[in-house]
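Structure below; questions to follow.
The values are calculated or read from the model by the stated rules, or taken from the named source; none is laboratory data. Computed from a predicted model, the values in this text were never measured in an experiment. Here the Cβ positions follow ideal geometry from the backbone for every residue, glycine too, while neighbour counts run over all protein chains shown.
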Amino acid sequence: MQQLFKLLVVFFIGLGVLTLCSKSQLKPEYNVRVLKYTLDNSDNVLTFALGDNFYIAYDTIQCGLYKVWRGGLAANDSSISAVGELFYENYLLNSDIKLIDTSGRGYSPAVKFMGFSIKENSICICYEVTNEDKKFIIEETIKGESENHTCKLLRIYSFNKQPENTQIGIYIPNSSIRKPLTITARNGEVASGMDKLLLPESSKSQFTLIFNE
């Protein structure tokens, strides 16, 4: 009887070890992270890994989305570059944050990058926007998802003290789009013409950019 008890103890210990090992082999949930590599020799560019081989790069000087791609990174001589399927590439001359006045005229305010944080598997980027002598803060939350031949980029905007008689717009030039792109909006609108403009209507406006290979 004592021998049987010992055998049962050994069995259950072994079963527990196998269970722990099998759990350790499960693929962990992917965590968003900032990469230490400098993309395209640009010290002002931050590169983030959003999902399985899904990346975005942000220009912190011009304050805007620089590149979106699925693939990886490659070393070329003294620089690191994006390789794979390039969805979006924007060589910004100024910020993609715009203001639109009551006449419908759009212009580029002064925009300053105020830092970023990563929480709940999302990137939170903070900007300070100066319109004439008034300043306000825009926060952008970014989430990414990669599935089969589709990559989704969720961009959520919140802001305080939006200037009177002006509309915030996020500029997406068609010349920067490298793959078919569909945009959906929640609590906002998408204006399309020669280029695209995301128009948040209230705080927590959401825009989903869907890229197809």
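May I ask you to list the residues in region 169-208 that are within 17 Å of Asn94 (Cβ to Cβ), polar (S, T, N, Q) and loosely packed, with under 14 Cβ neighbours inside 10 Å?
Ser175
Could you please let me know if Glu120 is surrounded by fewer than 16 Cβ atoms within 10 Å (Cβ to Cβ) and within 18 Å of the chain's Cα centre (by Cα)?
Here the answer is yes, as Glu120 does meet what is asked.
Being aliphatic (A, V, I, L, M) and surrounded by fewer than 18 Cβ atoms within 10 Å (Cβ to Cβ) is the filter here, so list the residues in region 61-79 that pass it.
Ile61, Leu73, Ala74, Ala75
Report yes if Lys27 is in a loop (DSSP other than H, G, I, E, B), of a type outside the set (A, V, I, L, M), loosely packed, with under 10 Cβ neighbours inside 10 Å and modelled with pLDDT under 85, otherwise no.
Judged against the criteria, Lys27 is a match.
Answer yes or no as to whether Glu128 is crowded, with 18+ Cβ neighbours inside 10 Å, modelled with pLDDT of 95 or more, over 19 Å from Phe211 (Cα atoms) and charged (D, E, K, R). Step through it out loud before you land on a result.
Values: crowded, with 18+ Cβ neighbours inside 10 Å: no; modelled with pLDDT of 95 or more: yes; over 19 Å from Phe211 (Cα atoms): yes; charged (D, E, K, R): yes.
Criteria not met by Glu128.
Let me ask another. Report, by residue number, each residue of region 39-60 that is surrounded by fewer than 18 Cβ atoms within 10 Å (Cβ to Cβ) and over 19 Å from Cys124 (Cβ atoms).
Answer for region 39-60, where residues must be surrounded by fewer than 18 Cβ atoms within 10 Å (Cβ to Cβ) and over 19 Å from Cys124 (Cβ atoms): Asp40, Asn41, Ser42, Asp43, Asp52, Asn53.
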